[in-house]
Amino acid sequence: MADDPRAHDSFPYPGGSVLGVLLDKTALDGARDRLEQAGFGPDRYDVLEGERDVARIDVKGEAHGLAGTIMRKLQGAFSDDADHVRQYAEHLRAGHYLVGVSVGENEGAKQRAADALRAADARFLNYYGENYVEDLGGND
């Protein structure tokens, strides 16, 4: 799952995941180590990088069919989610990494994932619940 976009695709909405932006490979390597120490193996997180993964974020929702397009329009009208999507795409285009850790609704797992990413100097750190987004205070 970690680097195989066909294995699992939680986009256009990464429900039950903690997402953070890492600015370089050193930070990514540190995040991988910290996530492992926190109990998250590579099968529990996705790493998106560069232009090749901008399409997975699917800014307009078109690659995810009518449902994806509608979701993006609703996000744009009723929440900040559309802004988040655009920011994530900009980070990927700038050569940064986006890490998404699957935690479900487990509060302890959410905090462990956030702590691991924060310790690796993650930026724009958020948890995406089913119907809300929680700012986890990345190193912005």
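The values are calculated or read from the model by the stated rules, or taken from the named source; none is laboratory data. Note that the structure is predicted; figures quoted are calculated from it, not measured. For neighbour counting, all protein chains shown are included, and Cβ atoms are generated from backbone atoms with ideal geometry for every residue, glycine included. Keep in mind that these areas ignore ligands, DNA and RNA; they rest on the heavy atoms of the full protein, side chains included. Shrake-Rupley method; radii C 1.70, N 1.55, O 1.52, S 1.80 Å.
Summed over segment 88-116, residues that are among the aromatic types (Phe, Trp, Tyr) and either in contact with a Lys or Arg (Cβ under 7 Å, 6 or more places away or on another chain) or not in a helix (DSSP H, G or I) (or both) total 1.
Taken as a whole, the condition of being loosely packed, with under 15 Cβ neighbours inside 10 Å and modelled with pLDDT under 90 applies to Asp83. Which residues, taken from segment 18-57, are more than 13 Å from His96 (Cα to Cα) and open to solvent by 20 Å² or more (accessible area, probe 1.4 Å)? Scanning segment 18-57 gives Arg32, Asp33, Arg34, Glu36, Gln37, Ala38, Gly39, Pro42, Asp43, Arg44, Ala55, Arg56. Summed over segment 80-99, the residues that are under 16 Å from Tyr132 (Cα atoms) and in contact with a Phe, Trp or Tyr (Cβ under 9 Å, 6 or more places away or on another chain) give a count of 3.
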